[in-house]
Amino acid sequence: RDKGLLNMAKMKNHFLICGWKPNFERILSGILDANPEVPNEKVVILNNSGQGEIDRIKSDSRFKGVNYLHGDFTDEDTLIKAQIKTAERALILADLSENFSALENDSRAVLAVITMKNLNPRIYCVAEIADSKFEKHLSLARCDEIILSSDYEQNLLVQASSGKGMSHILRELIAGDSDAGIIIEPIPQEFVGRPYREYRISLRTRDVLIGLLENTGNFYQRRKEALAEAQKNPDMEKIVANLKKVKTLQSNLPHFTPEDDYIVPGN
């Protein structure tokens, strides 16, 4: 366990964190805070960082029970050791554990997602990249969320240059405080299939509804459901049209301030 050679044969529905970067402890702490439903024992760190980095994590009481596996997260055999076939989620960081260039890091992120999705189509993958030109490749690899870190940094600098305090607003919106900023909550079942206006009016006055997220949850399951629904129509032309719509489905698609008569979807 201390050397990252733990046998995880019985691990299921776990959360895989791949790669390493400076301030990793802060990132890990934030991940655990943002996912209170995931116990430490269900978190697996997979990277090639030095023993000193891992020793610091293991000595921190906040991370007691977190698992560590030493290896390359783009390698199929290593991912199989990490029980990727039964994992629920994977977060791929821009890995700085070795002297990879930004181009190599982005390429490795694409390779990791392709390998993970081939081994486990149901896994929810989030990948961090620096260059937006790799976004298309990740989308083709069915990556569920793509974090363009350089774009966020540049946009923040541009917004801050206006001198209007925009950076402060953006920081508050993405703060880790569960009672402030942007909060994502499930829509009550009684509002599914009803106009957006009814749901908007039902909220407490202190909340400001800015929109909906469509195609949430396990996207693999969403696509299966959409395919089954698309094929129910007896009209072949409509079936083909419906299947084309399924092909363009996007995971966690934000729909900001829809019209009041917009019908709230089921997912």
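Tabulated data
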item: Selection count, the stretch 85-112, where residues are under 17 Å from ASP144 (Cα atoms) and buried (at least 21 other Cβ atoms within 10 Å of the Cβ); result: 9
item: Residue satisfying all of: in the stretch 27-54; small (Gly, Ala, Ser) and surrounded by fewer than 17 Cβ atoms within 10 Å (Cβ to Cβ); farthest from ALA87 (Cα to Cα) among these; result: GLY52
item: Residue within the stretch 63-74 that is out of contact with any strand residue (DSSP E or B) (no Cβ under 7 Å at 6 or more places or on another chain), farther than 22 Å from GLU41 by Cβ and modelled with pLDDT of 90 or more present; result: yes
item: Candidate set: the stretch 130-151, residues that are among the hydroxyl-bearing types (Ser, Thr, Tyr) and touching a helix residue (DSSP H, G or I) at 6+ places or on another chain (Cβ under 9 Å); chosen: the one farthest from LEU119 (Cα to Cα); result: SER150
item: Per-region count, the stretch 118-145, residues open to solvent by 10 Å² or more (accessible area, probe 1.4 Å) and not in a loop (DSSP other than H, G, I, E, B); result: 14
item: Hits in the stretch 55-84 - residues which are part of a helix (DSSP H, G or I), open to solvent by 20 Å² or more (accessible area, probe 1.4 Å) and more than 15 Å from CYS18 (Cα to Cα); result: ASP55, ARG56, LYS58, SER61, ARG62
item: Pairs where the first residue, in the stretch 54-73, is over 22 Å from ASN99 (Cβ atoms) and the second is of a type in the set (A, V, I, L, M, F, W, C) and modelled with pLDDT under 90, C-beta under 6 Å, 6+ apart; result: PHE63/ILE57; ASN67/LEU6
item: Subset of the stretch 146-166 [farther than 24 Å from THR216 by Cβ and not in a helix (DSSP H, G or I)]; result: SER161, SER162, GLY163, LYS164, GLY165
item: Cross-chain or 6+ apart pairs with Cβ under 6 Å, the stretch 103-123 first and in contact (Cβ under 8 Å) with a residue 40 or more places away in the chain, then among the charged types (D, E, K, R) and assigned to a helix (DSSP H, G or I); result: THR115/GLU76; LEU119/LYS85
item: Filter result for HIS168 (out of contact with any Phe, Trp or Tyr (no Cβ under 6 Å at 6 or more places or on another chain), in contact (Cβ under 8 Å) with a residue 12 or more places away in the chain and open to solvent by 70 Å² or more (accessible area, probe 1.4 Å)); result: no
item: Any hit, the stretch 204-211, residues being assigned to a loop (DSSP other than H, G, I, E, B), in contact with a strand residue (DSSP E or B) (Cβ under 7 Å, 6 or more places away or on another chain) and either at pLDDT 70 or above or farther than 28 Å from GLU88 by Cβ (or both); result: yes
item: From ARG89, ARG122, ARG142, residue being on the phi > 0 side of the Ramachandran plot and among the charged types (D, E, K, R); result: ARG142
item: Pick from the stretch 7-26, criterion of a type in the set (A, V, I, L, M) and buried (at least 16 other Cβ atoms within 10 Å of the Cβ), ranking: modelled with the lowest pLDDT; result: MET11
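The values are calculated or read from the model by the stated rules, or taken from the named source; none is laboratory data. Here the structure is a predicted model, which means the values were calculated and not measured. Methodologically, a virtual Cβ is constructed for each residue, glycine included, from the backbone with ideal geometry; neighbour enumeration extends over all protein chains shown. Each accessible area value is taken on the protein alone, full model and side chains, heavy atoms only, with ligands, DNA and RNA left out. Shrake-Rupley method; radii C 1.70, N 1.55, O 1.52, S 1.80 Å.
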